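The structure appears below as structure tokens.
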Amino acid sequence: MTSVQTGPAPTGALAGVPVLQLAAVRAGYGRIDVLHGIDLELHQGEVFALLGPNGAGKSTTLAVASGQITPSSGGLLLCGRDVTGVAADALARAGVCLIPEGRGIFPNLTVAENLRMATYTGHSYHDVLDLAFAQFPRLGERRKQTAGTMSGGEQQMLSMARALATEPAVLLIDELSMGLAPIIVEELYEHVRRIAASGLSILIVEQFAHEILGLADRAGIMLHGRLLHTGPPASIAGELSDAYLGADHGAPGATSSPT
Ligand code: ATP
């Protein structure tokens with residue numbers, strides 16, 4: 001089994017080195033690439049929002065970042081180390097945690113039983129529960145409730161709690177807001193803000209969320225498997241409507257700032 005060393009690097013060696021980096025990544029399904037050269041850097045403690053319409057390649061980007069898909073060319077780096085081709089379970093143990101679209105919880109298990117899954121990284125069940133309920137008190141109140149009977153927002157909290165219980169360095173979140181009322185999404189974004197403030201690096205994918213720009217440090221717009229605009233949220237906001245209105249950003253002259 002492959003293990004990835006992400007332990008402490010020599011002092012100063014990691015200064016400025018992205019925690020996670022996709023370098024010229026082409027990747028897809030079978031022999032068909034759906035990502036056509038993605039360059040993306042995620043820095044320590046940063047929230048990067050990856051936005052774009054349906055089918056743009058956002059989830060595929062997260063699948064590459066979490067080791068579920070190996071690039072057909074280009075590379076994946078973790079704290080400057082080349083981890084291209086390293087299996088997802090090894091990357092998870094190295095601190096890369098994916099919260100998939102649809103939350104990835106077990107609906108027929110209770111809240112506590114779902115959290116037990118997080119003990120695979122070696123944390124005790126007791127510690128996992130303590131940490132989860134301290135961060136999301138509502139889950140503590142519902143620890144014996146079957147997860148599938150909770151509201152969508154509570155289920156999303158459970159998936160976040162389970163991810164955080166593994167004490168990841170990088171959190172990859174796929175469409176946190178999906179199917180949820182704006183007020184619930186705002187509450188969840190508050191949790192994301194708090195988690196980021198604790199030093200975690202977060203790459204979050206959203207389809208239609210101008211709101212995420214309010215908490216992102218940087219953002220990028222993806223279209224047709226290409227990352228076309230990256231920069232501070234204010235510079236991205238104006239580009240978003242064009243992207244959703246179907247402007248042809250793949251055309252020559254489309255702008256792209258360095259990631
Ligand atoms: P959405 O918001 O709808 O999830 P997305 O931006 O996350 O969109 P992806 O899910 O990454 O987009 O899909 C990018 C392209 O890859 C799409 O054309 C999609 O049909 C294709 N694709 C996604 N998953 C698979 C798969 N398992 N097998 C084959 N093609 C796939």
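The residues in the range 119-137 that are surrounded by 15 or more Cβ atoms within 10 Å (Cβ to Cβ) and over 25 Å from V19 (Cα atoms) can be counted, and the count is 3.
Of all residues in the range 29-38 being assigned to a strand (DSSP E or B) and not hydroxyl-bearing (S, T, Y), which is nearest to the ligand (Cβ to nearest atom)? Among them, the one singled out is V34. Restricted to the range 39-143, the set of helices (runs of 4 or more DSSP H) holding at least 3 residues that are more than 15 Å from the ligand (Cβ to nearest atom) and within 17 Å of the chain's Cα centre (by Cα) comprises 88-93. Residue check: is V170 under 21 Å from E206 (Cα atoms), at pLDDT 90 or above and of a type in the set (V, I, T)? So V170 passes the test. Listed by first and then second residue, the pairs linking a residue in the range 202-226 that is polar (S, T, N, Q) to a residue that is assigned to a strand (DSSP E or B), with Cβ atoms under 9 Å apart and 6 or more places separating them unless they lie on different chains, are Q207/L51.
Is it fair to say E41 is crowded, with 17+ Cβ neighbours inside 10 Å and touching a Phe, Trp or Tyr at 6+ places or on another chain (Cβ under 9 Å)? Steps first, please.
On the way: crowded, with 17+ Cβ neighbours inside 10 Å: yes; touching a Phe, Trp or Tyr at 6+ places or on another chain (Cβ under 9 Å): yes.
In short, yes.
Residues that are charged (D, E, K, R) and in a loop (DSSP other than H, G, I, E, B) were ranked within the range 144-177; the one that is surrounded by the most Cβ atoms within 10 Å (Cβ to Cβ) is E175.
Among the residues of the range 83-109, those identified as in contact with a strand residue (DSSP E or B) (Cβ under 6 Å, 6 or more places away or on another chain) and farther than 21 Å from V192 by Cα are V83, T84.
Going by the conditions given, is V111 in contact (Cβ under 8 Å) with a residue 24 or more places away in the chain and not assigned by TED's automatic domain parsing to the domain that holds P137? Can you show your working first?
On the way: in contact (Cβ under 8 Å) with a residue 24 or more places away in the chain: yes; not assigned by TED's automatic domain parsing to the domain that holds P137: no.
Judged against the criteria, V111 is not a match.
Scanning the range 71-93 for residues that are in contact with a helix residue (DSSP H, G or I) (Cβ under 8 Å, 6 or more places away or on another chain) and at pLDDT 95 or above yields P71, L76, L78, V83. Of all residues in the range 159-175, at least one satisfies being touching a helix residue (DSSP H, G or I) at 6+ places or on another chain (Cβ under 6 Å) and within 16 Å of the ligand (Cβ to nearest atom).
The values are calculated or read from the model by the stated rules, or taken from the named source; none is laboratory data. Quick caveat, the model's predicted, so the values are computed rather than measured. No Cβ is skipped: glycine too gets one built from the backbone with ideal geometry, and neighbour counts run over all protein chains shown.
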